[in-house]
1. Filter segment 1-52 for residues that are open to solvent by 60 Å² or more (accessible area, probe 1.4 Å), in a loop (DSSP other than H, G, I, E, B) and among the hydroxyl-bearing types (S, T, Y) and give the result.
2. Step by step: first the residues of segment 55-76, then only those that are within 21 Å of D103 (Cα to Cα) and surrounded by 18 or more Cβ atoms within 10 Å (Cβ to Cβ), then the one that is modelled with the lowest pLDDT. Which residue is that?
3. Hey, among the residues in segment 77-98 that are among the polar types (S, T, N, Q) and over 13 Å from the mean Cα position of the chain (by Cα), which one's surrounded by the most Cβ atoms within 10 Å (Cβ to Cβ)?
4. Only one of (1) without any contact (Cβ under 8 Å) to a residue 60 or more places away in the chain; (2) assigned to a loop (DSSP other than H, G, I, E, B); (3) open to solvent by 40 Å² or more (accessible area, probe 1.4 Å) fails for I101. Which number is that?
5. Need pairs with beta-carbon distance below 6 Å; first residue in contact (Cβ under 8 Å) with a residue 12 or more places away in the chain and within segment 43-54, second open to solvent by 60 Å² or more (accessible area, probe 1.4 Å) and not in a strand (DSSP E or B); sequence gap 6+ or separate chains.
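The values are calculated or read from the model by the stated rules, or taken from the named source; none is laboratory data. Note that the structure is a prediction, hence the values are computed from the model and not measured. Here the Cβ is made from the backbone with ideal geometry for all residues, glycine too, and neighbour counts use every protein chain on show. The protein model used for the area step is the full one, side chains on, heavy atoms only, and it has no ligands, DNA or RNA in it. Shrake-Rupley method; radii C 1.70, N 1.55, O 1.52, S 1.80 Å.
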Amino acid sequence: LVVTNVNDTPIIGQVANIIKTEDDGTFTIDLNVTDVDGGDTHTYSASSSNPNVIATVDLNTGVLSISKTTVDVYGNFQITVGVSDGTLNSSHTFDFNVSAINDNPVVSDSNWTVPEDGNITFDLNVTSVDGNDTMRIWDINSTNKWENNTTVNGQTITTYEGNTTYGVVSYAINT
């Protein structure tokens, strides 16, 4: 009786769906490849359904790394990983879900000057990487009593500098 060796397909371990937040760093997981042939050399592949989510496999260890090109990437993406012994291949696709985090808005530095007894109306340049936030001025603080003469409408601020009042007005925002 002669038993002839037949090349068997390498098997990549099943990866459960993964949930992370957009502020998490690189995620790694061992792909747990098995091959009953024992001595085969394996090559790996990895891809993502989103170009801002990068999936790579260390060719020496078989460890999958998933990273983002920017911090503010969120949504549900598919990651496909594969293994080959040079002849036969297998692959597995799983969901990589990145939950959004509400990031702080950014106010561009601006300086305005208003003469004593004058008034000024200006718009704050407020941006949010989240893109769909409604910006509102949350609080107005100053080194004097300007806040008593200040009105806010969305991102537009009108302030009247009263008699003998001068100083710096600062604005804090919250979305």
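1. T4, T26, T41, S49
2. Applying the first criterion (within 21 Å of D103 (Cα to Cα)) to segment 55-76 yields 67-76.
Checking the rest, the ones that are also surrounded by 18 or more Cβ atoms within 10 Å (Cβ to Cβ) come to 68, 74.
Details: K68: 87, Y74: 84.
Across segment 55-76, the extreme among qualifying residues is Y74.
3. Taking the candidates together, the pick is S84.
4. (1)
5. Note: pairs meeting the criteria are N52/T69.
Every residue, every condition in (1) of a type in the set (A, V, I, L, M, F, W, C); (2) free of Cβ contacts under 8 Å to residues at least 60 places away in the same chain, yes or no:
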{"residue": "T9", "(1), (2)": "no, no"}
{"residue": "Q14", "(1), (2)": "no, no"}
{"residue": "I18", "(1), (2)": "yes, no"}
{"residue": "E22", "(1), (2)": "no, no"}
{"residue": "L31", "(1), (2)": "yes, yes"}
{"residue": "D37", "(1), (2)": "no, yes"}
